[in-house]
1. Out of all the residues in region 78-119, which are more than 15 Å from the ligand (Cβ to nearest atom), part of a helix (DSSP H, G or I) and among the hydroxyl-bearing types (Ser, Thr, Tyr)?
2. Would you call Ala109 surrounded by 17 or more Cβ atoms within 10 Å (Cβ to Cβ) and either among the basic types (Lys, Arg) or in contact (Cβ under 8 Å) with a residue 40 or more places away in the chain (or both)?
3. Of Ala17, Ala43, Ala33, which residue is assigned to a loop (DSSP other than H, G, I, E, B), within 17 Å of the chain's Cα centre (by Cα) and modelled with pLDDT of 95 or more?
4. Test Thr108 against the criterion of being within 27 Å of Thr191 (Cβ to Cβ) and touching a His at 6+ places or on another chain (Cβ under 8 Å), and give yes or no.
5. Which one is nearest to Val202 (Cα to Cα), of the residues in region 120-171 that are among the polar types (S, T, N, Q) and away from the ligand (no atom under 16 Å from the Cβ)?
6. Would you kindly identify the helices (runs of 4 or more DSSP H) lying entirely within region 120-230 that contain at least 3 residues that are aliphatic (A, V, I, L, M)?
7. Keeping to region 69-100, report how many residues are surrounded by fewer than 21 Cβ atoms within 10 Å (Cβ to Cβ), over 18 Å from Arg11 (Cα atoms) and touching a Leu at 6+ places or on another chain (Cβ under 7 Å).
8. Any idea which residue in region 20-30 is surrounded by the most Cβ atoms within 10 Å (Cβ to Cβ), counting only those that are hydrophobic (A, V, I, L, M, F, W, C) and not in a helix (DSSP H, G or I)?
Amino acid sequence: MSPELGAEVTRLREQVATLHSELVRYGLVAWTAGNVSARVPGADLMVIKPSGVSYDDLRPANMIVCDLDGAVVEGDLSPSSDTAAHAYVYRAMPEVGGVVHTHSSYATAWAACGESIPCHLTAQADEFGGEIPVGPFALIGGDDIGKGIVATLSGHRSPAVLMRNHGVFTIGKDARAAVKAAVMCEDVARTAHLARTLGRPVPMAREDIDSLYDRYQNVYGQPGASSATP
Ligand SMILES: [Zn+2]
């Protein structure tokens, strides 16, 4: 590994370890469930959480570096049991730099019902550009989860998919953007659930959703800063 690549891997080990604490902070994970990964730019590598390690014990040094077939390149522990799904997404979607997986309660309740979250909120239009789609049922282990994620999100505005009977996978241009999508997905899923319990959520016009999405993705935020990662 060249010194430049080594420095990039070191930076991403720190970033991925730190981002895992955001999953805890926002209440998206229980016990050791959930994981964050980052693509190593310019290399066919990713940095991902080790399997079965408590969130309190996650450190830059125990993050695992894998190739994009999921084989361990650096690290003493086994990588996340979802490594194959992350690797599949990186192979199939070159624009993706970060992937997150959680079983966050509200979003996963929609996944349990096999139901996409319809767009009834401006915040959802901003972030997801419409509905948050449901993906197919897939067993863990092989490429089936990755295939389901890619098939659902390719050409879709939403950076989040609700994998049926399972949980949430999000993608982003980097790991931080994917974590943000996971946080916002749970927030939207919770409000959508509350709205359903209160009554019948009011549909939004397609052109209003499009206008909100365009403004948020292209105009919102500080000049020169990406709205996707404020
Ligand atoms: Zn899972």
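The values are calculated or read from the model by the stated rules, or taken from the named source; none is laboratory data. These numbers come from a predicted model, not from an experiment. All Cβ positions, even for glycine, are placed from backbone atoms using ideal geometry, and neighbour counts span all protein chains on display.
1. Across region 78-119, the qualifying residues are Tyr90, Tyr106.
2. Spelling it out, it is not the case that Ala109 is surrounded by 17 or more Cβ atoms within 10 Å (Cβ to Cβ) and either among the basic types (Lys, Arg) or in contact (Cβ under 8 Å) with a residue 40 or more places away in the chain (or both).
3. Sole residue among the options that is assigned to a loop (DSSP other than H, G, I, E, B), within 17 Å of the chain's Cα centre (by Cα) and modelled with pLDDT of 95 or more: Ala33.
4. Taking the combined requirement at face value, the residue satisfies it.
5. Step by step, filter region 120-171, then rank; the result is Thr122.
6. 144-153, 175-198
7. 1
8. The qualifying residue surrounded by the most Cβ atoms within 10 Å (Cβ to Cβ) is Leu28.
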